[in-house]
Amino acid sequence: MSSARVRVEADGAIGRITLDAPERLNAVDPEMCAAVTATVRRFDADPDVRVVALTGEGRGFCSGAPLTAEGAQMGVLDAGADLVRAIVGARTPVVALVHGVAAGIGVPMALACDYVLAADEAPFVLAFSRIGLMPDGGSTALVAAAVGRARAMRLALTGEALPGRTAAEWGLVAESVPADGFAARADELLAAFAAGATLALGETKAAVNAATLDLEGALAREDAGQRALATTADHREGAAAFVGKRRPEFRAR
């Protein structure tokens with residue numbers, strides 16, 4: 001089963017979801033987000049599926065939303081929020097397999113999952129500030145819950161790329177491995193979850209998420225801030241600079 005550039009496979013007890021737009025490093029549009037959301041919910045309702053794997057085709061995991069000189073595709077704001085809600089709310093364990101870049105909405109998409117396996121050199125990038133926007137998709141809650149306020153501010157305000165190895169050391173992701181061992185470790189990890197006590201894992205993830213995340217509050221604040229920022233001259237300049245591969249000239253307007 002496939003739809004909207006999302007490839008879906010049921011592999012025994014493992015449900016696999018693959019973003020399938022490799023030519024743009026799996027940048028997602030609203031239709032792709034909606035397809036992943038629907039599939040996560042379908043797999044979560046299927047008692048035969050005991051773990052869900054989320055990954056990307058080609059060199060990247062997800063490079064965010066497509067960007068044009070006119071600005072970001074704000075339609076991804078709502079669709080991305082729904083996707084993160086679906087992942088966090090699922091009782092079935094969801095594992096993100098991040099073998100390449102995770103940027104923009106790709107970061108909260110991965111961090112919403114219950115276990116993130118990253119390749120050592122796979123970069124995590126909250127680059128929103130570079131185009132005059134703020135992190136969304138629940139990033140302000142998910143990143144801070146994982147690494148604390150100071151490091152969350154560092155990633156969000158600077159837009160630096162954090163390699164998977166460092167992300168694991170910080171606690172942003174659960175584990176990182178060298179690229180040449182990534183596929184084998186992913187298979188091992190998914191097999192372990194598929195053989196696990198699914199009901200107990202579901203209760204555990206629900207309790208941990210309830211104790212650590214104000215997801216709805218974060219999404220509401222991000223939605224208001226992002227919509228306001230999307231109308232600014234700074235965002236238009238940032239988007240144009242990104243597409244033109246030049247340094248932006250922000251004027252706080």
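The values are calculated or read from the model by the stated rules, or taken from the named source; none is laboratory data. None of the values given here were measured: they were computed from a predicted structure. Reconstructed Cβ throughout: ideal geometry from the backbone, glycine too, with neighbour counts over all protein chains shown.
Of all residues assigned to segment 11-22, at least one qualifies as being modelled with pLDDT under 95, over 16 Å from the mean Cα position of the chain (by Cα) and not basic (K, R).
If you take the residues in segment 188-239 that are among the basic types (K, R) and more than 14 Å from G89 (Cα to Cα), which one is surrounded by the most Cβ atoms within 10 Å (Cβ to Cβ)? Walk me through how you get there before you give the answer.
Let us first name the residues in segment 188-239 that are among the basic types (K, R), namely 205, 221, 227, 236.
Checking the rest, the ones that are also more than 14 Å from G89 (Cα to Cα) come to 221, 227, 236.
Working: R221: 15, R227: 12, R236: 18.
My answer is R236.
Scanning segment 138-178 for residues that are exposed (fewer than 14 other Cβ atoms within 10 Å of the Cβ) and either in contact (Cβ under 8 Å) with a residue 60 or more places away in the chain or more than 30 Å from R221 (Cβ to Cβ) (or both) yields a count of 2. So, in segment 80-90, of the ones that are more than 21 Å from L117 (Cβ to Cβ) and buried (at least 22 other Cβ atoms within 10 Å of the Cβ), which residue ends up nearest to the chain's Cα centre (by Cα)? Result: G80.
Here's the yes/no breakdown for (1) surrounded by fewer than 20 Cβ atoms within 10 Å (Cβ to Cβ); (2) in a helix (DSSP H, G or I):
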site: C33; (1), (2): no, yes
site: V36; (1), (2): no, yes
site: V52; (1), (2): no, no
site: G58; (1), (2): yes, no
site: T92; (1), (2): no, no
site: A96; (1), (2): no, no
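Any residue in segment 24-44 that is small (G, A, S) and more than 15 Å from the chain's Cα centre (by Cα)? Checked segment 24-44: at least one residue is small (G, A, S) and more than 15 Å from the chain's Cα centre (by Cα). Could you tell me whether M109 is of a type in the set (A, V, I, L, M, F, W, C) and surrounded by fewer than 24 Cβ atoms within 10 Å (Cβ to Cβ)? Against the criterion (of a type in the set (A, V, I, L, M, F, W, C) and surrounded by fewer than 24 Cβ atoms within 10 Å (Cβ to Cβ)), M109 does not qualify. Can you pull out every residue in segment 10-54 that is touching a Phe, Trp or Tyr at 6+ places or on another chain (Cβ under 9 Å), among the β-branched types (V, I, T) and without any contact (Cβ under 8 Å) to a residue 60 or more places away in the chain? Scanning segment 10-54 gives I17, V49, V52.
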